[in-house]
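The values are calculated or read from the model by the stated rules, or taken from the named source; none is laboratory data. No experiment lies behind these values; they were computed from the predicted model shown. We place every Cβ from the backbone using ideal geometry, glycine too, and count neighbours over all the protein chains shown.
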Amino acid sequence: MPLPNPLRVAIIGSGPSAFYAAEYLQKHPEIAAEIDMFERLPTPFGLVRGGVAPDHPKIKSVTRVYDRIAAHPSFRFYGNVTMGEDITHDDLIQHYHIIIYAVGAQTDRQMGIRGEDLPGSHAATEFVGWYNGHPDYRDLEFDLSQESAAVIGNGNVAMDVVRILARTQAELRTTDIAQHALEALSQSHIKTIYILGRRGPVQAKFTSPELKELAELEDAYVRLDPEEVELDPLSRRYLLKSDDRTAERNYQLLKQYAQNDVEKKSKGIVIRFLVSPVEITGEDHVEAIKLVKNALYEDDNRGLRPRATGEYETIPVGLVFRSIGYHGVPLPDVPFDDWQGVIPNEQGRIIDKYRQQVVGEYVTGWIKRGPSGIIGTNKPDAHETVQQVLEDTVRGVFLNPPTPSRHAVEDLLNTRGIRYVTYADWQILDRLEIENGKTTGRPRLKFTRVDEMLAALDQYKKEFARVLKM
């Protein structure tokens, strides 16, 4: 079968893995790929916009790379288009030779303990989306009148939540944190923040820079009981035999924290290890969390694992944030592994329940491999997927759509009354957010509602048309 020219490619999602997949396709001009990227929100970039902590602006500078990818003549962005509603799986098959899903992991894992649903108990994903101005979470409320909070988990997302809770208003004002979150956090009464990890200090998942940042907070100190950094024999042996430099650096930092005197600051961050929550208690709101002490044992398949000892304690907290991992969400008419929270695949090729390849359909990013790695991890992941696309395409293995036309897709969206947002539209929103931020001394003032974004675009275009007529 001859290669289609152009090869029509739909990418569902617009986070890092989506853009890297587009970039690798663009680097193979012999394929002549015409790429349409669909995004549920009017704004692109996935967790780079909605997940990266506002006090980490350097990480967000990666969007300049995505701007370059989007500037390619064969690329189009269709924001404000929901897969399964505005455009269906059947629609994609009718219009594209290749479909790549890059929708990430959109929800969180639960602990499965009593009291987890009490008011005051939240997923970290909700809090992260709220302070980043994600439209899905913009109207959530968090009871910041409480004096103590617990963050369950010790990965980088957990550390982000801790820092945002611990930072002063002056510190947060220098970031692009959503305005509603800035205002709410400025009234926060939280004085003590617990970080609770079920394994030991050597097994913590946060990176050393994230851990080091805690000591640099303006008005928060780190408290760590020396007993918390005493290593059991298994962890000591792991450090001696392993070349895990992150674990070694983390351990040295934690020992320093354990030796430091408590500073005269208004907020305290208490780091705990080898504890697991077993119950959240309270009448009609979170009042405390019950923990069980753990001990580590060696699992041949999964390394050092925690096991409950039967020793319990209860600490008073009024807020709980669980940060124990993201979880994928199924897409209509696309295979899904509920247990792992991913689209089943082999190196990016989607497979069905019989482990047969689904022709023309691929996956990349967290919805492919699970929620692991950093932004850069998506580059080799996307490259692997695109390699499968290229191999299959050369062999003539791709969909045979009856109407492989960009105009046909746009006509379809227009007929259905879908107000899609182009990349040029996004760039207008981007400029407006930066300009609005300047008026308040902020780096950016985000639009946090979809209707506000669309109204701002309408107003801008109306003013632009008026100026042209003058």
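I'd like to check something: does the range 16-35 contain any residue that is among the small types (Gly, Ala, Ser) and in contact with a His (Cβ under 7 Å, 6 or more places away or on another chain)?
No - not one qualifying residue is present in the range 16-35.
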Problem set entry | Residue check, Ile152 in contact with a helix residue (DSSP H, G or I) (Cβ under 6 Å, 6 or more places away or on another chain), crowded, with 17+ Cβ neighbours inside 10 Å and not acidic (Asp, Glu) | no
Exercise. From Gln357, Gln387, which residue is modelled with pLDDT of 95 or more, in contact with a Lys or Arg (Cβ under 6 Å, 6 or more places away or on another chain) and within 24 Å of Glu34 (Cα to Cα)?
Worked result: Gln357
Exercise. Quick one: Leu239 ticks every box in (1) in a helix (DSSP H, G or I); (2) without any contact (Cβ under 8 Å) to a residue 24 or more places away in the chain bar one, so which box is it?
Worked result: (2)
For this session: Please determine, by comparing only the residues of the range 308-338 that are among the small types (Gly, Ala, Ser) and buried (at least 18 other Cβ atoms within 10 Å of the Cβ), which one is modelled with the highest pLDDT.
Result: Gly318
Exercise. From the residues in the range 389-406 that are part of a helix (DSSP H, G or I) and among the β-branched types (Val, Ile, Thr), which one is farthest from Leu92 (Cα to Cα)?
Worked result: Val394
Exercise. Do the conditions hold for Glu213, that is, is it among the charged types (D, E, K, R), under 15 Å from Ala53 (Cα atoms) and either in contact with a Leu (Cβ under 7 Å, 6 or more places away or on another chain) or not assigned by TED's automatic domain parsing to the domain that holds Asn250 (or both)?
Worked result: no
Exercise. Quick one: is Leu468 in a helix (DSSP H, G or I) and among the hydrophobic types (A, V, I, L, M, F, W, C)?
Worked result: yes
Exercise. Is it the case that Val292 is without any contact (Cβ under 8 Å) to a residue 24 or more places away in the chain, in contact with an Asp or Glu (Cβ under 9 Å, 6 or more places away or on another chain) and β-branched (Val, Ile, Thr)?
Worked result: yes
Seminar exercise, completed: The number of residues in the range 155-190 that are under 28 Å from Leu224 (Cα atoms), crowded, with 16+ Cβ neighbours inside 10 Å and not hydroxyl-bearing (Ser, Thr, Tyr) is 17
For this session: Can you tell me which residue within the range 339-373, out of those that are aromatic (Phe, Trp, Tyr) and buried (at least 18 other Cβ atoms within 10 Å of the Cβ), is nearest to Gln110 (Cα to Cα)?
Result: Trp366
Exercise. Filtering the range 191-205 down to residues that are touching a helix residue (DSSP H, G or I) at 6+ places or on another chain (Cβ under 8 Å) and surrounded by fewer than 23 Cβ atoms within 10 Å (Cβ to Cβ), which residue is nearest to Gln169 (Cα to Cα)?
Worked result: Lys205
Exercise. Before we move on, is Val342 under 21 Å from Met37 (Cα atoms) and over 17 Å from the mean Cα position of the chain (by Cα)?
Worked result: no
Problem set entry | Residue satisfying all of: in the range 100-123; crowded, with 24+ Cβ neighbours inside 10 Å and of a type in the set (A, V, I, L, M); farthest from the chain's Cα centre (by Cα) among these | Ile100
